[in-house]
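Here is the structure we will look at, set down as structure tokens.
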Amino acid sequence: MTGLPPVAGYDKAEINQLIRYHSEISWALTQQRTALESALIPITAYILIACIECYRRYPDLMRDIARAMSPEEIGAAGRELGNEIDTVRLWSIANFPLVGRSVLASAGMLDWEDDAKRLGHVFEFWSRAAGAYRGHDGTLQCADADGRSTPFAAHVDEIVATCVPIDNGERARIARLNALLTSYEFLLWFDTRAGYQDSGPYELDGGRKLLLRQFVKLGPSDFGWSHATATDLPFQSVLAAFVLEGVEFRITDFGTAVTRPEDYLPHVHAFALFDSSAGDLAPVDRANQDALALAAKDAQRRQYRLIAGMTRDEKLHAGAYVYFSFLRPFARIAGVDDRLDWTVPRDSLDLYPFLSGIEGTPEGPESTGDTYYPAIP
Amino acid sequence: MGAGAEIGTGQIGTGQIGTGQIGTGQIGTGTRVFDAAPVRGTWRRLDSPADVLELMDTSALGVVACVRDAGATFLAPIFDDLTAVVCLSGTPLSHIGIVSREYQVPCVMGATLTETPQDGAEVEVDCSGPTAVVRHR
């Protein structure tokens with residue numbers, strides 16, 4: 001039982017309403033994504049371990065973070081460049097505890113009174129941060145806004161002024177750079193898409209649209225493995241800007257652009273890449289873009305060998321840390337990152353022998369948008 | 001090999017296939033990630049990281065990789081050399097689908113095969129129609 005008090009305004013009815021809200025959105029997201037497994041990494045097992053940890057520890061961590069800085073201030077920081085307050089992390093800090101809770105509920109391991117208090121703290125922190133991230137426009141997630149997420153709207157004029165029209169040869173070079181960075185981030189982040197985040201559509205003149213893609217934590221970081229593989233990456237964070245013609249797109253709450261047509265690259269009219277590591281926009285010229293692509297390619301090969309050589313437990317611990325630490329950027333913005341315990345696994349050890357052996361995606365009872373996350377009885 | 005029991009569930013001919021796509025040598029269908037002209041390559045079933053490392057250390061050029069799972073990482077270091085990917089699970093929004101779109105490597109998701117080619121067989125992956133088709137060549 002947590003020692004946390006109930007959160008004012010978050011009674012059982014309110015909490016159940018928010019559970020239902022997340023249930024509908026997240027069920028739809030997972031229906032689109034479906035299978036989530038890799039022959040390299042035991043993804044489902046590490047996700048479940050991490051989500052148990054999130055359910056049991058996020059309420060206390062969120063309280064400690066909020067004592068240092070208001071969730072509104074932290075959420076608003078995501079509208080600046082180069083940090084990791086973004087769409088997928090905001091989705092995750094509410095949904096990871098709910099996933100862990102579902103596992104515990106199915107095992108009959110929930111205390112419903114305690115559960116209501118935990119979720120009250122999670123939802124309060126999340127809703128205050130998410131509202132500020134979205135500019136207090138009355139929405140909390142992309143799903144509330146028909147797939148629109150435009151946190152960097154204040155920077156659009158500066159970004160577009162730097163974008164350079166491209167021809168087909170240049171398009172192929174940019175496509176490869178983008179693909180290498182995307183693929184590299186997936187591997188560095190143990191098959192999560194949190195290493196890069198899309199935003200938009202930012203409407204431009206003539207019906208054109210701007211898609212922004214921020215790649216974060218490219219170099220050495222709190223990911224222990226990065227110090228063996230990512231030391232040659234010349235930037236810690238870069239922002240790619242694609243000016244699109246004849247493309248419609250929306251952003252999911254996983255932070256991924258879904259485009260029509262699906263292959264949007266032939267429709268890129270202009271492009272720019274910025275070093276956003278310092279929180280501003282420093283244009284990266286073509287030579288340094290090529291150097292970045294080469295470094296990402298080399299680092300990816302090293303990273304693959306390293307992961308392939310890991311034991312199953314090492315992979316599980318690394319992947320669980322990636323997921324569990326989605327809250328860590330919020331603590332970093334609040335200045336309490338180093339004072340909090342991010343060790344994982346820690347509070348899932350009672351279930352670890354069972355969870356660690358899971359292969360593939362477990363077959364559960366058929367769920368719907370109403371029942372993806374169970375309500376408090 | 002080793003996935004033969006998982007595939008071949010007979011979805012071909014159930015009306016899900018787009019017009020004009022059923023042709024000689026068809027061995028499978030699935031959901032395309034993006035519209036792409038037919039490509040030809042050498043079939044290779046990849047089951048373990050060791051299979052990927054072998055190609056990473058030699059060459060994956062011209063390979064049509066068949067994989068079971070829809071994670072993005074398994075093919076990571078060889079993705080940009082591949083001719084196409086045939087994934088036996090997932091959807092275009094699965095991680096492997098997202099990465100294939102960025103690499104512009106034609107990719108078939110949730111593929112159902114009526115026949116499993118031998119490694120080294122020449123195949124065609126056609127993502128030009130509403131349903132992706134895999135054919136023997």
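Checked against (1) at pLDDT 95 or above; (2) within 14 Å of chain B (Cβ to nearest Cβ); (3) in contact with a Ser or Thr (Cβ under 8 Å, 6 or more places away or on another chain); (4) under 30 Å from residue A:22 (Cβ atoms), residue A:222 passes all but a single condition, namely (2). Residues that are over 17 Å from residue A:42 (Cα atoms) and modelled with pLDDT of 95 or more within region A:349-371 comprise A:349, A:350, listed in sequence order. Annotation: residue B:80 fulfils all but one of (1) buried (at least 23 other Cβ atoms within 10 Å of the Cβ); (2) closer than 16 Å to residue A:176 by Cβ; (3) of a type outside the set (Ser, Thr, Tyr); (4) touching a Lys or Arg at 6+ places or on another chain (Cβ under 7 Å); the unmet one is (1).
Consider residue B:90 carefully, then state whether it is within 9 Å of chain A (Cβ to nearest Cβ), on the phi < 0 side of the Ramachandran plot, out of contact with any Cys (no Cβ under 7 Å at 6 or more places or on another chain) and of a type in the set (Gly, Ala, Ser). Spell out the reasoning first.
Working: within 9 Å of chain A (Cβ to nearest Cβ): yes; on the phi < 0 side of the Ramachandran plot: no; out of contact with any Cys (no Cβ under 7 Å at 6 or more places or on another chain): yes; of a type in the set (Gly, Ala, Ser): yes.
No; evaluated as a whole, the condition is false for this residue.
Criterion applied to A:313, A:298, A:338, A:263 was being within 14 Å of chain B (Cβ to nearest Cβ) and either in a helix (DSSP H, G or I) or more than 24 Å from the chain's Cα centre (by Cα) (or both), and the one residue passing it is A:298.
With the condition kept exactly as written, say whether any residue in region A:146-166 is within 14 Å of another protein chain (Cβ to nearest Cβ), part of a helix (DSSP H, G or I) and out of contact with any Gly (no Cβ under 9 Å at 6 or more places or on another chain). Step through it out loud before you land on a result.
Restricting attention to region A:146-166, the residues satisfying the condition of being within 14 Å of another protein chain (Cβ to nearest Cβ) are A:147.
If we keep only those that are part of a helix (DSSP H, G or I) too, we end up with none.
Taking every residue of region A:146-166 in turn, none turns out to be within 14 Å of another protein chain (Cβ to nearest Cβ), part of a helix (DSSP H, G or I) and out of contact with any Gly (no Cβ under 9 Å at 6 or more places or on another chain).
Contact annotation: residue pairs with Cβ atoms under 9 Å, 6 or more positions apart or on different chains, pairing a residue in region B:69-88 that is in contact (Cβ under 8 Å) with a residue 60 or more places away in the chain with a partner that is assigned to a helix (DSSP H, G or I), are B:88/B:6. For residue A:233, state whether it is among the aliphatic types (A, V, I, L, M) and either assigned to a loop (DSSP other than H, G, I, E, B) or under 18 Å from residue A:307 (Cα atoms) (or both). So residue A:233 passes the test.
In the set A:115, A:146, which member is at positive phi and modelled with pLDDT of 95 or more? Criteria check complete, one pass: A:146. Regarding residue B:126, is this residue in contact with a strand residue (DSSP E or B) (Cβ under 7 Å, 6 or more places away or on another chain) and touching a residue at least 40 places away in the same chain (Cβ under 8 Å)? Considered against the rule, which asks whether it is in contact with a strand residue (DSSP E or B) (Cβ under 7 Å, 6 or more places away or on another chain) and touching a residue at least 40 places away in the same chain (Cβ under 8 Å), residue B:126 comes out as yes. Looking across region B:93-105, the residues that are facing another protein chain (nearest Cβ under 7 Å) and either in contact (Cβ under 8 Å) with a residue 12 or more places away in the chain or among the aliphatic types (A, V, I, L, M) (or both) come down to B:93, B:94, B:95, B:98, B:99, B:101, B:103, B:104.
Across region A:6-14, a minimum of one residue is classified as out of contact with any helix residue (DSSP H, G or I) (no Cβ under 6 Å at 6 or more places or on another chain), acidic (Asp, Glu), modelled with pLDDT of 80 or more and in a loop (DSSP other than H, G, I, E, B). Only a single criterion out of (1) at pLDDT 95 or above; (2) away from chain B (no Cβ under 14 Å); (3) out of contact with any Pro (no Cβ under 7 Å at 6 or more places or on another chain) is not satisfied by residue A:82, namely (1).
Identify, from the list B:123, B:85, the residue that is over 29 Å from residue A:174 (Cβ atoms) and more than 8 Å from every other protein chain (Cβ to nearest Cβ). Step through it out loud before you land on a result.
Details: B:85 fails: over 29 Å from residue A:174 (Cβ atoms).
Selected residue: B:123, the only one of B:123, B:85 that is over 29 Å from residue A:174 (Cβ atoms) and more than 8 Å from every other protein chain (Cβ to nearest Cβ).
Among the residues that make up region B:42-60, is at least one of them within 23 Å of residue A:265 (Cβ to Cβ), part of a helix (DSSP H, G or I) and in contact with a Pro (Cβ under 8 Å, 6 or more places away or on another chain)?
Taking region B:42-60 and keeping what is within 23 Å of residue A:265 (Cβ to Cβ), we get B:60.
If we keep only those that are part of a helix (DSSP H, G or I) as well, we get none.
No: zero hits.
For region A:236-248: of the residues being assigned to a strand (DSSP E or B) and more than 12 Å from chain B (Cβ to nearest Cβ), which is surrounded by the fewest Cβ atoms within 10 Å (Cβ to Cβ)? Don't jump to the end; show me each part of the working.
Here is the first cut: in region A:236-248, the residues assigned to a strand (DSSP E or B) are A:238-244, A:248.
Then keep just the ones that are more than 12 Å from chain B (Cβ to nearest Cβ); that gives A:238-239, A:241, A:243-244, A:248.
Working: A:238: 26, A:239: 24, A:241: 24, A:243: 23, A:244: 23, A:248: 13.
The selected residue is A:248.
Being under 18 Å from residue B:121 (Cα atoms), buried (at least 24 other Cβ atoms within 10 Å of the Cβ) and more than 9 Å from chain A (Cβ to nearest Cβ): is that true of residue B:65 here? The answer is yes for residue B:65.
The values are calculated or read from the model by the stated rules, or taken from the named source; none is laboratory data. Keep in mind it's a predicted model, so treat the numbers as computed, not measured. Virtual Cβ from ideal backbone geometry, glycine too; neighbours counted across all protein chains shown.
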